[in-house]
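Data first, discussion second: the structure below is written as structure tokens.
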Amino acid sequence: MSESTKDQIAVVTGGSRGIGAAISSRLAADGFIVGVHYGRDENAAAETVAAIKAAGGTAFSFRADLAADTAAEDFWASFDKAAAGAGVIGQPLQVLVNNAGVTLRGAIEEFSREDFLTQQAVNVNAPYFIAKEALPRLSDGGRIVNISSGVTRIAFPEIIGYALTKGAIDAFTLTLAKHLGPRGITVNAVAPGVVDTDINASWLRDNQEAIEGVAASTALGRVGQPDDIASIVAFLASDGGRWVTGQTIDATGGTNL
């Protein structure tokens, strides 16, 4: 545990599963008090918090529906209630990780308006307004890390709507970094490629052909793991990342180089 991060809070949206859970666990191991946000899976959030505590860290979970019109207000109200219950209300907010997102599939001809708007709400509107509402809470010298995607560089027409939302995240990251620079707050994005998480389980896990195909497309020759992404986020959240801002870090293992 780092003394420099002790008593500082890191909040991870979608922090209960997959990449989010790995980020939550890593930041807790680095000494942060971690607020683990979840949207639906209360059990997964409880398991992530329990694992963090078993490893000697400090964490609490809270729920908010990021597709709701009042997502940001609900998010921070739920956070405050949970932080008070955990006895950490008033501790400085040092890190915000906008990780939560949904991947809805369909080429442009078949992608419904409803799915487009839902994905936009969760992937773009929520990070924007959650970050906006966080600014009075966020410490000078703090960190915002947004999770983007390799699909902004590599074309996948079957998830065109998702790619659009992540392109927006990259632009948001760049512009917000410039705006918050005078406060010493860094803003960066991390862009994963294919990662072995539940969201990819249906086509990737137990499918040797798919695994080999993904591995062959990467310079490093394997499928990404949640900890690969968490390590990059941890660097950006650390003092070591203090001179990096406005960047989208490619975390695809060198896919399609």
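The values are calculated or read from the model by the stated rules, or taken from the named source; none is laboratory data. Since we're looking at a predicted model, the values are computed, not measured. Cβ coordinates were reconstructed from backbone atoms using ideal geometry, including for glycine residues, and neighbour counts include every protein chain displayed.
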Subject >> Every residue from the range 236-257 that is crowded, with 17+ Cβ neighbours inside 10 Å, among the hydrophobic types (A, V, I, L, M, F, W, C) and either out of contact with any strand residue (DSSP E or B) (no Cβ under 8 Å at 6 or more places or on another chain) or farther than 15 Å from L96 by Cα (or both) >> reply: I249, A251
Subject >> Among (1) buried (at least 24 other Cβ atoms within 10 Å of the Cβ); (2) in contact with a Ser or Thr (Cβ under 7 Å, 6 or more places away or on another chain) - the single one A46 does not satisfy >> reply: (1)
Subject >> the range 49-70, residues that are touching a strand residue (DSSP E or B) at 6+ places or on another chain (Cβ under 7 Å) and among the polar types (S, T, N, Q) >> reply: T58, S61
**OP:** Could you check V195 against (1) within 18 Å of the chain's Cα centre (by Cα); (2) surrounded by fewer than 20 Cβ atoms within 10 Å (Cβ to Cβ); (3) modelled with pLDDT under 95; (4) not polar (S, T, N, Q) and say which number it fails?
**Re:** (2)
**OP:** Run V145 past the list (1) part of a strand (DSSP E or B); (2) surrounded by fewer than 16 Cβ atoms within 10 Å (Cβ to Cβ); (3) β-branched (V, I, T) and report the number of the one that doesn't hold.
**Re:** (2)
Original post:
Quick check: is even one residue across the range 225-232 in a helix (DSSP H, G or I), touching a Leu at 6+ places or on another chain (Cβ under 9 Å) and surrounded by 21 or more Cβ atoms within 10 Å (Cβ to Cβ)?
Top reply: yes
**OP:** Could you tell me which numbered condition A55 fails, if it satisfies all but one of (1) surrounded by fewer than 16 Cβ atoms within 10 Å (Cβ to Cβ); (2) over 21 Å from A22 (Cβ atoms)?
**Re:** (2)
Subject >> Where V187 falls short, out of the listed (1) under 16 Å from the mean Cα position of the chain (by Cα); (2) in contact (Cβ under 8 Å) with a residue 40 or more places away in the chain; (3) more than 19 Å from S139 (Cα to Cα); (4) buried (at least 20 other Cβ atoms within 10 Å of the Cβ) >> reply: (3)
Original post:
On the given criteria, is A168 at negative phi, assigned to a helix (DSSP H, G or I) and in contact (Cβ under 8 Å) with a residue 12 or more places away in the chain?
Top reply: yes
